[in-house]
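Colleague: I'd like to ask you about the structure that follows.
No lab work stands behind these numbers, since they all come straight from the coordinates. In this text the structure is predicted, and so the values were computed from the model without any measurement. Because the Cβ atoms are built from the backbone with ideal geometry, glycine has one as well, and the counts that use them run over all protein chains shown.
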Amino acid sequence: MAKKKTTKKKVEKSKPSMKLEKSQQKLTNIIDDEIKPATKTKINVEVRRTNEASVLKNKVNIEARNAMEEVQEILSPCIKCGMCKSLCPVFKTLKKEEISPRGHSIMLNQNILNELVFQCNLCRACEKKCPLNLKICDAMKKAREALVLDDRGLKTNEEMIEAIRKTGSPFESRKADPDKLYCC
């Protein structure tokens, strides 16, 4: 059997349409070669930054939760006898139960974390009187750490730390009121 030759009719395109196709092809090549990779890189960098930020935030949240678990481990044996209050200078001055070591213990065991933990002056007088020898000041330090990790630290502490970084002094300028700035 003999093969039949099929002839294709060539349709000639007009010169303007050929120029248009060539310019479209050039644009497509430019987009594929230059724009798409740059866009992908920008998107990848943004996604990577977002992922890194979320990983860092999760890490900080985990550290804050771990700090609170440590606080509860330290304070959970507390029998709330109130003997710690008798030597606490802050309680003697302010006469508020929530500022006493027993008040801190009750609140922290109930996962109530607030700025009152900065009221403790970490003198360890409560630890001397505690019949269970609990390390209450260590728990206060951990609670403060959890607050700071949770971005709920004292603004005055942040101002003081920034002033120390800038000037080497806790008082940034002579205008600063030293009574407003205090630290842990």
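Colleague: If we count every other residue with Cβ under 12 angstrom of Cys123's Cβ, Lys/Arg +1 and Asp/Glu -1, where does the sum land?
Modeller: Here the count lands on +3.
Colleague: Once you have the Cα-Cα distance between Glu21 and Ile164, take 0.36 nm times their residue separation minus that, and quote the gain in nm to one decimal.
Modeller: Extending this stretch completely gives an extra 44.8 nm.
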